[in-house]
1. Part of a helix (DSSP H, G or I) and outside the structural domain of T292 (by TED's automatic domain parsing): which single residue out of L132, L154 fits that description?
2. Count, please, the residues in the range 246-270 that happen to be buried (at least 21 other Cβ atoms within 10 Å of the Cβ), within 22 Å of the chain's Cα centre (by Cα) and part of a loop (DSSP other than H, G, I, E, B).
3. Among the residues of the range 201-255, which ones are among the small types (G, A, S) and touching a helix residue (DSSP H, G or I) at 6+ places or on another chain (Cβ under 8 Å)?
4. Determine, yes or no, whether V86 is surrounded by 13 or more Cβ atoms within 10 Å (Cβ to Cβ), in the same structural domain as T165 (by TED's automatic domain parsing), in contact with a helix residue (DSSP H, G or I) (Cβ under 9 Å, 6 or more places away or on another chain) and over 24 Å from M173 (Cα atoms).
5. Suppose we filter D30, D34, D11 for residues that are touching a Cys at 6+ places or on another chain (Cβ under 8 Å) and either at pLDDT 95 or above or surrounded by 13 or more Cβ atoms within 10 Å (Cβ to Cβ) (or both); which single one remains?
6. Tally time: how many residues in the range 91-101 are assigned to a strand (DSSP E or B) and either over 22 Å from D5 (Cα atoms) or hydrophobic (A, V, I, L, M, F, W, C) (or both)?
7. Pairs please, first residue from the range 200-218 and assigned by TED's automatic domain parsing to the domain that holds L232 and surrounded by fewer than 19 Cβ atoms within 10 Å (Cβ to Cβ), second anywhere and outside any strand (DSSP E or B) and acidic (D, E), Cβ atoms under 6 Å, 6+ apart in sequence or on different chains.
8. Looking at the range 312-329, can you tell me whether even one residue there is touching an Asp or Glu at 6+ places or on another chain (Cβ under 7 Å), outside any helix (DSSP H, G or I) and modelled with pLDDT under 80?
Amino acid sequence: MANVDYIYLYDEYEEYFNSNGIAVIQDFFDAEMDDKKNDICSFQFNFPRDSTFYDQIREGRFVRWNDTVFIIRIIEEYTQGKQHYVSVQAEHIMFELLDAFEPNFASVQNGKPADVLAGILNGTRFQAKSQLSDVFKVNIPQTKGAKLSIIDELVKDIYAIRVCTGLPDSSGMFTITLLPAEGESVAELIHNRKNTNQVTRIIDGKSVITRLYPYGSDGLTLEEHPDTNGNLYIDADTIGDYKLPREASVSFDNIADVQSLYQAAKDYLERNKDPKISYEVDVDFLEKDIGTGDRVLVIDEELDVRFQMLVTETTIVPYGNGVQRTVTLEEMIPSADRLIADIMLKQETDTGIRRGNVWTEFVTVPFSNEETTIDFSVPFKTKPVINCTVIGSESIQPTVEYIQSTLQDIPVYTGCKIHAPSGSGQQFCMLAFGRV
């Protein structure tokens with residue numbers, strides 16, 4: 001268990017933070033640690049100005065409390081009556097990356113999240129880790145700026161949660177982990193009649209959607225889906241609860257067939273059709289500490305419901321012989337990109353394997369001409385998604401021209417033409433994925 005009775009002060013050159021540092025602060029008061037999801041993680045405390053370590057407190061030095069390292073940023077002095085005090089405001093050591101400028105971060109196409117994060121962190125005391133599926137690819141343009149700002153753009157783009165360890169490992173490296181938007185599962189629950197001092201329940205209906213207009217790639221809509229009666233939208237079963245439809249749109253840029261678009265839209269609407277419920281909870285001492293980015297089970301007996309909820313903010317203050325932890329919990333709402341990733345994970349990508357009416361095929365053919373025609377083994381009723389590579393030259397970027405025909409008066413795609421510069425002995429690989 002972390003020692004919260006002392007604050008340890010370190011100089012600007014400390015790497016390991018496993019000693020008592022240059023001073024141990026005992027007479028502090030009004031300490032508070034606040035951690036918001038993908039936002040600030042700060043620590044503030046006060047102490048008497050006549051403390052022996054007063055001259056050691058400087059901007060840019062480090063303090064450790066509750067097994068977490070912070071950088072001192074602001075020092076204020078104030079008077080109450082005849083007493084003089086000092087107020088210190090610090091932020092998590094991860095914000096050291098705001099001072100690390102990246103002059104020219106190369107563009108990334110279809111990169112793995114962990115690899116991209118590692119590239120951003122190169123040359124710092126931070127290392128990368130990811131719990132995201134590799135199906136979830138990263139695409140960011142060439143950019144420059146503070147490393148933490150680039151990380152925050154990455155996190156926003158892939159709809160992830162960034163968390164950083166409070167202390168470094170034995171080599172002095174802190175670890176920044178990318179978590180799915182659903183958080184990291186914790187074997188703990190919050191019960192409004194068991195282990196909470198106070199529960200504030202907030203019901204917010206501002207983001208309710210009862211009629212959704214989904215869009216796929218290349219302007220794909222639901223108009224041709226048999227269950228929509230030619231409409232561009234789908235309705236939630238709660239649409240009658242409101243005088244007027246609450247309309248919204250969502251884009252699934254990686255979905256190229258109408259059935260996948262319909263399923264993704266249904267899942268998205270299901271998660272947004274009701275008011276969002278959040279809780280602010282003063283939590284008693286639990287068997288396992290919970291923090292920002294954790295996923296917990298909430299049992300609300302008054303509402304007779306159970307929720308899987310995400311901790312989006314944690315506030316910690318000293319209390320008795322330990323700490324009092326107040327957490328803000330919100331329902332987990334996946335983004336459109338996360339739904340796409342889930343759909344892709346459920347579908348097969350092996351040669352000739354069919355799942356439902358999804359067909360994937362993988363072909364490798366000799367490539368000796370500038371144009372090669374490939375006939376699909378089955379006709380695709382929607383334009384398939386095609387990834388192609390020419391073995392032997394990474395610089396070659398093939399382009400695809402779809403071959404369209406009709407089948408029982410229905411437009412179908414029966415093959416494709418691949419255009420690329422050629423070379424002797426090269427082979428062409430193609431993966432096609434779509435509905436048949």
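1. Numbers: L132 fails: part of a helix (DSSP H, G or I).
It is L154.
2. Going through the range 246-270 one residue at a time, the tally reaches 2.
3. The answer is G216, A236, S251.
4. Working: surrounded by 13 or more Cβ atoms within 10 Å (Cβ to Cβ): yes; in the same structural domain as T165 (by TED's automatic domain parsing): no; in contact with a helix residue (DSSP H, G or I) (Cβ under 9 Å, 6 or more places away or on another chain): yes; over 24 Å from M173 (Cα atoms): yes.
No, not satisfied.
5. Working: D30 fails: touching a Cys at 6+ places or on another chain (Cβ under 8 Å); D11 fails: touching a Cys at 6+ places or on another chain (Cβ under 8 Å).
From the options D30, D34, D11, the qualifying one is D34.
6. Residues of the range 91-101 that are assigned to a strand (DSSP E or B), as a first pass: 91-92, 101.
Retained after the next criterion (residues that are either over 22 Å from D5 (Cα atoms) or hydrophobic (A, V, I, L, M, F, W, C) (or both)): 101.
Of the residues in the range 91-101, 1 are assigned to a strand (DSSP E or B) and either over 22 Å from D5 (Cα atoms) or hydrophobic (A, V, I, L, M, F, W, C) (or both).
7. Within 6 Å, the pairs are S217/D253.
8. no
The values are calculated or read from the model by the stated rules, or taken from the named source; none is laboratory data. Keep in mind the model is a prediction, meaning the values are calculated, not measured. Methodologically, a virtual Cβ is constructed for each residue, glycine included, from the backbone with ideal geometry; neighbour enumeration extends over all protein chains shown.
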